[in-house]
Amino acid sequence: MNAQRRAPRAARRNEAARRAILTAALALTAQDGYARLTIERIAVKAGTGKQTIYRWWPSKGAVLLDALLMISEGDGDGTRPAELPDTGDLEADLKAVLHATVSELNTPEISKPMRALALEMLGDDVLAADYRQRLERPVKEMKRRRLRRAQLAGHLAPEVDLDVAIEMIWGPLRNRWLHREGPLTSSYVDTVLKTALDGMRPRP
């Protein structure tokens, strides 16, 4: 019985330590940059031992990926929707999603860790594959489902390739942010969205 009581307490302690580590990694990256991020500094800020971090993650890049997953999942509290909004107005729904994305990408606490992870994945094939499997692919499937519903409702032409549509809508936003090609604003994404949808709607 004592062992049974101890198990939930240990699980809660592990979860609290995991969240503290992920939160510390995000904060340190936003504050000092990825180059200065170390497992040692994460451990100190999180109040955990280095070996705890090494036991759960193989690298600081892997820690950062899980930290961004924590954000994308609403910190695990169920506040992030599992689907994109569907009010029946595709343009309004996507505009709301893109505006929220612009806000996040203009927030240093989020954008700096995301940039750091993007650079780290260029030299780490395992991390890149993990990112595609755990974050990029589920998000892309969510986008595809929303566009597919719009297509079935007649809001997009039946011949539209949904993978290409996703790139047309989200690709310019990602490229402008990642390569710092210009200011990332709501008016910019509104123009991108309107241009993309105008080319994908059914023809009379």
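What is the sum of charges, Lys and Arg at +1 and Asp and Glu at -1, for the other residues whose Cβ falls under 13 Å from the Cβ of ARG174?
Working: positive: ARG115, LYS140, LYS143, ARG176, ARG180; negative: GLU104, GLU136, GLU167, GLU181.
Summing Lys/Arg as +1 and Asp/Glu as -1 gives +1.
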Please determine, in degrees from 0 to 90 and to the nearest 10, the orientation of helix 108-122 with respect to the longest principal axis defined by the Cα atoms of the chain, where the helix direction is its Cα long axis.
-> 90 degrees
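Tell me the relative contact order for segment 54-204 as a rounded percent, counting alpha carbon contacts under 8 Å between residues six or more apart. Spell out each step's value before the answer.
Numbers: 99 pairs, mean separation 40.4, N = 151.
About 27 percent, as a whole number.
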Going down the list LYS45/LYS112; LYS50/LYS140; LYS45/LYS140, which pairs span over 23 Å between their C-alpha atoms?
-> LYS50/LYS140; LYS45/LYS140
Return the sequence-ordered ³J(HN,Hα) values of segment 27-36 in whole Hz as given by the Karplus equation 6.51 cos²θ - 1.76 cosθ + 1.60 applied to θ = phi - 60°, using x for Gly and Pro.
-> 5, 5, 5, 5, 7, 10, x, 5, 4, 8
Quick one: Cα centre-to-centre distance for segment 150-196 and segment 78-120, in angstrom?
-> 13 Å
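Give, in nm to one decimal, the length gained when the segment between ALA27 and GLU40 is fully stretched (0.36 nm per residue of separation minus the Cα-Cα distance).
Numbers: separation 13, 0.36 × 13 = 4.68 nm, distance 1.42 nm.
Working it through step by step, the gained length comes to 3.3 nm.
Probe radius 1.4 Å, ligands and nucleic acids ignored: give me the carbon and sulfur share of the accessible area of the chain as a rounded percent.
Numbers: 6340 of 11590 Å².
Within the chain, the accessible surface is 55 percent carbon and sulfur.
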What spacing in nm lies between the two simple spin-label points modelled at LEU69 and GLU136, each 7 Å away from Cα in the Cβ direction?
-> 1.6 nm
Can you send over the solvent-accessible area of VAL44, 1.4 Å probe, protein chains only, in Å² to the nearest 10?
-> 120 Å²
Using 7 Å Cα-to-Cβ label points, what is the GLU159/THR52 separation (nm, one decimal)?
-> 5.9 nm
Which of the listed residues, ALA157, LEU178, ALA62, is farthest toward the dipole's positive end in the chain, when Lys, Arg count +1 and Asp, Glu count -1 at the beta-carbon?
-> ALA62
Inter-probe distance in nm under a simple model that places probes 7 Å from Cα toward Cβ, at LEU152 and ARG13 = 4.9 nm
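The values are calculated or read from the model by the stated rules, or taken from the named source; none is laboratory data. Quantities reported herein were computed from a predicted structural model and do not represent experimental measurements. For neighbour counting, all protein chains shown are included, and Cβ atoms are generated from backbone atoms with ideal geometry for every residue, glycine included. With ligands, DNA and RNA removed, areas are computed over all heavy atoms of the protein, side chains included. Shrake-Rupley method; radii C 1.70, N 1.55, O 1.52, S 1.80 Å.
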